[in-house]
1. Six or more apart or on different chains, Cβ under 7 Å: which pairs go from a residue in segment 88-109 that's within 23 Å of residue 62 (Cα to Cα) and open to solvent by 60 Å² or more (accessible area, probe 1.4 Å) to one that's part of a helix (DSSP H, G or I) and β-branched (Val, Ile, Thr)? Could you list them?
2. Taking only segment 65-98 into account, find how many residues are assigned to a strand (DSSP E or B) and of a type in the set (D, E, K, R).
3. Hey, can you tell me all the residues within segment 60-87 that are open to solvent by 40 Å² or more (accessible area, probe 1.4 Å), out of contact with any Phe, Trp or Tyr (no Cβ under 7 Å at 6 or more places or on another chain) and under 19 Å from residue 41 (Cβ atoms)?
4. (1) in a helix (DSSP H, G or I); (2) touching a Phe, Trp or Tyr at 6+ places or on another chain (Cβ under 8 Å): which one isn't true of residue 103, the others all being true?
5. Which residues, taken from segment 41-56, are open to solvent by 40 Å² or more (accessible area, probe 1.4 Å) and without any contact (Cβ under 8 Å) to a residue 40 or more places away in the chain?
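The values are calculated or read from the model by the stated rules, or taken from the named source; none is laboratory data. Quick caveat: nothing in here was measured; it's all calculated off a predicted structure. Cβ: placed from backbone, ideal geometry, glycine included. Neighbour counts: every protein chain shown. Surface accessibility is based on the protein's heavy atoms, side chains included, excluding ligands, DNA and RNA. Shrake-Rupley method; radii C 1.70, N 1.55, O 1.52, S 1.80 Å.
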Amino acid sequence: MSRRRLRPDRAPSAAARGSRPARGSRARRGSFKDGSAGKIACPVLVCEATDDLFYSTTEESDPRKLYRHLTAPKTLLSFTEEEGGDAHCHPGALRLAVARIFDWLDDTI
């Protein structure tokens, strides 16, 4: 039995983990045309970074698309450059992000 060495700088691919992404999942990512967002019944917090490197600045971002398609109670939190939270996962404003998320939980649950 051979042992494969994983490179610490690279996460294993889906194939290496023994799973495959759903057929056509890249094409459907963020479209919500299948009605999946409308099936959510619990309150939803959607967070977005205004300068997220994963989303185009000319098109509607995936967080905003999700927010628009939700029918359940929903809240959209936007993190801006002025707050230091405009990057993906808000690394420049983690304390602010966590505080706002926990405030939402306190108000919602």
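1. No pair meets every condition.
2. Within segment 65-98, the subset assigned to a strand (DSSP E or B) is 74-79.
Narrowing the set further to residues that are of a type in the set (D, E, K, R) leaves 74.
So the answer is 1.
3. Once the filter is applied, which keeps residues that are open to solvent by 40 Å² or more (accessible area, probe 1.4 Å), out of contact with any Phe, Trp or Tyr (no Cβ under 7 Å at 6 or more places or on another chain) and under 19 Å from residue 41 (Cβ atoms), segment 60-87 yields 67, 68, 71, 73.
4. Failed condition: (2).
5. 41, 42, 50, 51, 53, 54, 55, 56
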